[in-house]
1. Return the average number of partner chain Cβ atoms within 10 angstrom of each residue Cβ along peptide A:96-105.
2. Work out the mean other chain Cβ neighbour count within 10 Å for the residues of B:2-9 and drop it here as an integer.
3. Using only atoms on other chains, find how many Cβ atoms lie within 10 Å of each Cβ of peptide A:29-35 and report the average.
4. Quote the charge dipole size of chain B about the Cα centre in Debye, to the nearest 20; the model charges only the Cβ of Lys and Arg (+1) and of Asp and Glu (-1).
5. Considering only protein heavy atoms, with the full assembly of protein chains and a 1.4 angstrom probe, order B:8, A:54 by accessible area, largest first.
6. What translational diffusion coefficient, in µm²/s and rounded to a whole number, does the Stokes-Einstein relation yield for segment A:29-80 at 20 °C and a viscosity of 1.002 mPa s, taking the hydrodynamic radius as the Kirkwood radius over Cα pairs?
7. Mind listing the Cα extents of segment A:95-168 along all three principal axes, in Å, largest one first?
8. Bin width 5 Å, origin at 0, all Cα-Cα pairs of segment A:70-193: what percent of pairs per bin?
Amino acid sequence: MSKMQIDYKNIYYPPGGILLWIIIYVELITFGIALIAMVYYGKQDPQLFHDAKLQLNVTFGTINTVFLLTSGFFMANTVHELKEKNKSKAKKYLLITMLFGILFLILKTIEYDSKLDAGLVMSTNLFFTFYWMLTLFHVIHVIVGLIILTSVFFGMIKENSTMQMEDVEASAAFWHMCDLIWVLLFPILYLIF
Amino acid sequence: MKNSVLTLVVLIVLTIGIAIISKTTGVYVVAGILVLSALKFFGISFFFMDLRKAHPFWKISVCIYLFVFISVLLILK
(Lines give C-alpha, C1' and ligand atoms only; values in the text may rest on other atoms or scores of the structure.)
Protein backbone atom coordinates (compact mmCIF):
# COMPACT_ATOMS: atom_id res chain seq x y z
CA MET A 1 0.00 0.00 0.00
CA SER A 2 1.45 3.32 -1.00
CA LYS A 3 1.41 6.28 1.33
CA MET A 4 1.48 9.97 0.54
CA GLN A 5 2.28 12.64 3.09
CA ILE A 6 -0.98 14.48 3.78
CA ASP A 7 -1.10 17.85 5.50
CA TYR A 8 -4.39 17.70 7.40
CA LYS A 9 -4.03 21.35 8.42
CA ASN A 10 -4.61 22.27 4.78
CA ILE A 11 -8.26 23.27 4.35
CA TYR A 12 -8.54 21.08 1.21
CA TYR A 13 -7.35 17.88 2.93
CA PRO A 14 -9.50 17.03 5.96
CA PRO A 15 -8.98 13.45 7.23
CA GLY A 16 -10.86 11.27 4.72
CA GLY A 17 -10.68 13.82 1.90
CA ILE A 18 -12.70 16.89 0.97
CA LEU A 19 -15.13 15.01 -1.32
CA LEU A 20 -16.06 12.61 1.46
CA TRP A 21 -16.59 15.53 3.85
CA ILE A 22 -18.90 17.21 1.34
CA ILE A 23 -20.88 13.95 1.23
CA ILE A 24 -20.88 13.80 5.04
CA TYR A 25 -22.31 17.32 5.29
CA VAL A 26 -24.95 16.62 2.64
CA GLU A 27 -26.00 13.49 4.57
CA LEU A 28 -25.97 15.24 7.93
CA ILE A 29 -28.06 18.13 6.58
CA THR A 30 -30.52 15.72 4.91
CA PHE A 31 -30.99 13.64 8.07
CA GLY A 32 -30.99 16.81 10.17
CA ILE A 33 -33.85 18.37 8.19
CA ALA A 34 -35.84 15.11 8.37
CA LEU A 35 -35.34 14.92 12.14
CA ILE A 36 -36.34 18.57 12.58
CA ALA A 37 -39.47 17.84 10.50
CA MET A 38 -40.20 14.85 12.73
CA VAL A 39 -39.92 16.94 15.91
CA TYR A 40 -42.11 19.63 14.29
CA TYR A 41 -44.87 17.11 13.50
CA GLY A 42 -44.39 15.53 16.92
CA LYS A 43 -45.25 18.88 18.44
CA GLN A 44 -48.53 18.95 16.44
CA ASP A 45 -49.63 15.56 17.82
CA PRO A 46 -47.58 14.81 20.97
CA GLN A 47 -49.84 12.01 22.24
CA LEU A 48 -49.60 10.00 19.01
CA PHE A 49 -45.80 10.36 18.92
CA HIS A 50 -45.49 9.48 22.62
CA ASP A 51 -47.66 6.35 22.29
CA ALA A 52 -45.81 5.27 19.15
CA LYS A 53 -42.40 5.84 20.77
CA LEU A 54 -43.40 3.53 23.63
CA GLN A 55 -43.64 0.70 21.09
CA LEU A 56 -39.94 0.99 20.27
CA ASN A 57 -37.38 -1.07 22.15
CA VAL A 58 -34.92 1.35 23.82
CA THR A 59 -32.68 -1.55 24.91
CA PHE A 60 -32.24 -2.62 21.27
CA GLY A 61 -31.48 0.98 20.33
CA THR A 62 -28.92 1.35 23.12
CA ILE A 63 -27.19 -1.96 22.29
CA ASN A 64 -27.08 -0.98 18.61
CA THR A 65 -25.49 2.34 19.59
CA VAL A 66 -22.81 0.46 21.53
CA PHE A 67 -22.25 -1.85 18.52
CA LEU A 68 -21.71 1.10 16.17
CA LEU A 69 -19.48 2.99 18.63
CA THR A 70 -17.32 -0.11 19.17
CA SER A 71 -17.16 -0.63 15.43
CA GLY A 72 -16.05 3.01 15.00
CA PHE A 73 -13.39 2.49 17.67
CA PHE A 74 -11.90 -0.46 15.77
CA MET A 75 -12.12 1.47 12.49
CA ALA A 76 -10.11 4.33 14.00
CA ASN A 77 -7.53 1.80 15.21
CA THR A 78 -7.40 0.14 11.78
CA VAL A 79 -6.35 3.47 10.24
CA HIS A 80 -3.88 4.09 13.09
CA GLU A 81 -2.23 0.66 12.69
CA LEU A 82 -2.00 1.07 8.92
CA LYS A 83 -0.21 4.40 9.40
CA GLU A 84 2.18 2.57 11.73
CA LYS A 85 2.67 0.01 8.89
CA ASN A 86 1.26 -2.75 11.10
CA LYS A 87 -0.79 -4.46 8.42
CA SER A 88 -1.63 -7.68 10.25
CA LYS A 89 -3.13 -5.82 13.24
CA ALA A 90 -4.97 -3.48 10.88
CA LYS A 91 -6.55 -6.47 9.09
CA LYS A 92 -7.72 -7.94 12.41
CA TYR A 93 -9.19 -4.62 13.53
CA LEU A 94 -10.93 -4.14 10.19
CA LEU A 95 -12.56 -7.58 10.52
CA ILE A 96 -13.77 -6.70 14.03
CA THR A 97 -15.11 -3.39 12.66
CA MET A 98 -17.13 -5.30 10.07
CA LEU A 99 -18.28 -7.84 12.66
CA PHE A 100 -19.82 -5.12 14.83
CA GLY A 101 -21.42 -3.60 11.72
CA ILE A 102 -22.99 -6.99 10.95
CA LEU A 103 -24.16 -7.33 14.58
CA PHE A 104 -25.86 -3.94 14.21
CA LEU A 105 -27.67 -5.17 11.10
CA ILE A 106 -28.71 -8.45 12.78
CA LEU A 107 -30.20 -6.62 15.77
CA LYS A 108 -31.90 -4.12 13.47
CA THR A 109 -33.41 -7.02 11.49
CA ILE A 110 -34.75 -8.57 14.73
CA GLU A 111 -36.22 -5.18 15.67
CA TYR A 112 -37.79 -4.74 12.21
CA ASP A 113 -39.22 -8.26 12.40
CA SER A 114 -40.90 -7.54 15.74
CA LYS A 115 -42.34 -4.31 14.36
CA LEU A 116 -43.72 -6.07 11.28
CA ASP A 117 -45.20 -8.84 13.47
CA ALA A 118 -46.93 -6.17 15.55
CA GLY A 119 -48.30 -4.61 12.35
CA LEU A 120 -46.28 -1.42 12.82
CA VAL A 121 -45.56 -0.53 9.22
CA MET A 122 -44.79 2.70 7.41
CA SER A 123 -48.46 3.54 6.94
CA THR A 124 -49.41 2.91 10.60
CA ASN A 125 -48.98 6.56 11.56
CA LEU A 126 -46.71 9.54 10.96
CA PHE A 127 -44.25 8.49 13.67
CA PHE A 128 -43.69 5.10 12.02
CA THR A 129 -43.41 6.74 8.59
CA PHE A 130 -40.45 8.71 9.96
CA TYR A 131 -39.14 5.68 11.86
CA TRP A 132 -39.06 3.40 8.81
CA MET A 133 -37.82 6.05 6.38
CA LEU A 134 -34.98 7.28 8.60
CA THR A 135 -33.81 3.93 9.94
CA LEU A 136 -34.01 2.18 6.56
CA PHE A 137 -32.09 5.03 4.93
CA HIS A 138 -29.47 4.64 7.67
CA VAL A 139 -29.36 0.85 7.28
CA ILE A 140 -28.68 1.32 3.55
CA HIS A 141 -25.67 3.46 4.50
CA VAL A 142 -24.42 0.76 6.88
CA ILE A 143 -24.75 -1.87 4.13
CA VAL A 144 -22.89 0.36 1.64
CA GLY A 145 -20.25 1.00 4.33
CA LEU A 146 -19.80 -2.74 4.86
CA ILE A 147 -19.37 -3.27 1.10
CA ILE A 148 -16.72 -0.50 1.02
CA LEU A 149 -14.91 -2.01 4.04
CA THR A 150 -14.97 -5.45 2.40
CA SER A 151 -13.26 -4.00 -0.68
CA VAL A 152 -10.71 -2.28 1.60
CA PHE A 153 -10.06 -5.62 3.32
CA PHE A 154 -9.44 -7.38 0.01
CA GLY A 155 -7.18 -4.47 -1.00
CA MET A 156 -5.20 -5.04 2.19
CA ILE A 157 -4.69 -8.77 1.71
CA LYS A 158 -3.71 -8.38 -1.96
CA GLU A 159 0.06 -8.35 -2.51
CA ASN A 160 0.35 -5.74 -5.27
CA SER A 161 -2.56 -3.58 -4.27
CA THR A 162 -2.89 -0.08 -5.71
CA MET A 163 -4.91 0.98 -2.69
CA GLN A 164 -3.61 4.12 -0.97
CA MET A 165 -3.84 5.37 2.58
CA GLU A 166 -6.32 8.08 1.49
CA ASP A 167 -8.66 5.35 0.21
CA VAL A 168 -8.67 3.68 3.62
CA GLU A 169 -9.17 7.03 5.36
CA ALA A 170 -12.06 7.92 3.06
CA SER A 171 -13.67 4.51 3.73
CA ALA A 172 -13.18 5.03 7.47
CA ALA A 173 -14.75 8.50 7.25
CA PHE A 174 -17.79 6.99 5.48
CA TRP A 175 -18.09 4.34 8.21
CA HIS A 176 -17.84 6.96 10.97
CA MET A 177 -20.54 8.96 9.18
CA CYS A 178 -22.93 6.04 9.88
CA ASP A 179 -22.07 6.46 13.60
CA LEU A 180 -22.67 10.21 13.43
CA ILE A 181 -26.09 9.77 11.80
CA TRP A 182 -27.10 7.08 14.31
CA VAL A 183 -26.01 9.29 17.24
CA LEU A 184 -28.57 11.85 16.02
CA LEU A 185 -31.30 9.33 15.11
CA PHE A 186 -31.25 7.30 18.32
CA PRO A 187 -32.24 9.99 20.88
CA ILE A 188 -34.89 11.55 18.65
CA LEU A 189 -36.58 8.36 17.50
CA TYR A 190 -36.30 6.36 20.71
CA LEU A 191 -36.17 8.85 23.57
CA ILE A 192 -37.42 12.41 23.33
CA PHE A 193 -41.13 12.02 22.50
CA MET B 1 -4.79 3.59 21.08
CA LYS B 2 -5.02 4.85 24.67
CA ASN B 3 -6.94 7.94 23.51
CA SER B 4 -9.31 5.80 21.43
CA VAL B 5 -10.05 3.51 24.40
CA LEU B 6 -10.80 6.51 26.59
CA THR B 7 -13.03 7.98 23.86
CA LEU B 8 -14.92 4.69 23.50
CA VAL B 9 -15.46 4.39 27.27
CA VAL B 10 -16.73 7.99 27.47
CA LEU B 11 -19.05 7.42 24.49
CA ILE B 12 -20.52 4.24 26.00
CA VAL B 13 -20.96 5.93 29.40
CA LEU B 14 -22.73 8.83 27.65
CA THR B 15 -24.98 6.38 25.78
CA ILE B 16 -25.98 4.64 29.01
CA GLY B 17 -26.37 8.04 30.69
CA ILE B 18 -28.73 9.18 27.95
CA ALA B 19 -30.82 5.99 28.29
CA ILE B 20 -31.06 6.54 32.08
CA ILE B 21 -31.92 10.25 31.78
CA SER B 22 -34.70 9.39 29.30
CA LYS B 23 -36.42 7.35 32.03
CA THR B 24 -36.66 10.40 34.30
CA THR B 25 -39.13 13.26 34.09
CA GLY B 26 -38.40 16.94 34.20
CA VAL B 27 -38.21 20.15 32.26
CA TYR B 28 -34.62 19.67 31.14
CA VAL B 29 -34.70 15.97 30.18
CA VAL B 30 -34.93 16.61 26.42
CA ALA B 31 -32.23 19.30 26.60
CA GLY B 32 -30.01 16.92 28.59
CA ILE B 33 -30.48 14.10 26.08
CA LEU B 34 -29.71 16.37 23.13
CA VAL B 35 -26.65 17.96 24.74
CA LEU B 36 -25.20 14.56 25.70
CA SER B 37 -25.87 13.33 22.14
CA ALA B 38 -24.02 16.39 20.83
CA LEU B 39 -21.06 15.45 23.05
CA LYS B 40 -21.08 11.97 21.51
CA PHE B 41 -21.12 13.54 18.07
CA PHE B 42 -18.05 15.61 19.02
CA GLY B 43 -16.30 12.53 20.42
CA ILE B 44 -16.76 10.57 17.20
CA SER B 45 -15.86 13.39 14.83
CA PHE B 46 -12.91 14.83 16.74
CA PHE B 47 -11.31 11.63 18.06
CA PHE B 48 -12.38 8.71 15.84
CA MET B 49 -12.41 10.78 12.63
CA ASP B 50 -9.30 12.75 13.65
CA LEU B 51 -11.01 16.06 12.99
CA ARG B 52 -8.91 17.58 15.78
CA LYS B 53 -5.96 17.45 13.36
CA ALA B 54 -7.91 19.18 10.57
CA HIS B 55 -8.04 22.82 9.48
CA PRO B 56 -10.16 25.00 11.85
CA PHE B 57 -12.74 25.43 9.05
CA TRP B 58 -13.82 21.79 9.42
CA LYS B 59 -13.90 21.93 13.20
CA ILE B 60 -15.92 25.14 13.25
CA SER B 61 -18.35 23.87 10.60
CA VAL B 62 -19.10 20.76 12.71
CA CYS B 63 -19.69 23.01 15.74
CA ILE B 64 -22.00 25.31 13.72
CA TYR B 65 -23.96 22.34 12.35
CA LEU B 66 -24.51 20.91 15.84
CA PHE B 67 -25.36 24.30 17.35
CA VAL B 68 -27.99 25.02 14.68
CA PHE B 69 -29.43 21.48 14.81
CA ILE B 70 -29.72 21.30 18.60
CA SER B 71 -31.00 24.89 18.87
CA VAL B 72 -33.76 24.32 16.31
CA LEU B 73 -34.80 21.09 18.05
CA LEU B 74 -34.89 22.76 21.46
CA ILE B 75 -36.92 25.70 20.12
CA LEU B 76 -39.40 23.32 18.45
CA LYS B 77 -39.64 20.96 21.42
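1. Averaged over the peptide's residues, the number is 0.
2. Taking all residues of B:2-9 together, the mean is 3.
3. 2
4. Using only the charged Cβ atoms, the result is roughly 80 debye.
5. So the residues, ranked largest to smallest area, are A:54, B:8.
6. So the translational diffusion coefficient is about 158 µm²/s.
7. 53, 19, 11
8. Cα pair-distance distribution for segment A:70-193, in percent: 2, 10, 19, 21, 15, 11, 9, 6, 4, 2, 0.
The values are calculated or read from the model by the stated rules, or taken from the named source; none is laboratory data. This one's a predicted model, so the numbers in the text were calculated from it and none came from an experiment. Counting neighbours? That spans all protein chains shown, and the Cβs are built from the backbone with ideal geometry, glycine included. Remember, those area values only see protein heavy atoms, side chains included, never the ligands or the DNA or RNA. Shrake-Rupley method; radii C 1.70, N 1.55, O 1.52, S 1.80 Å.
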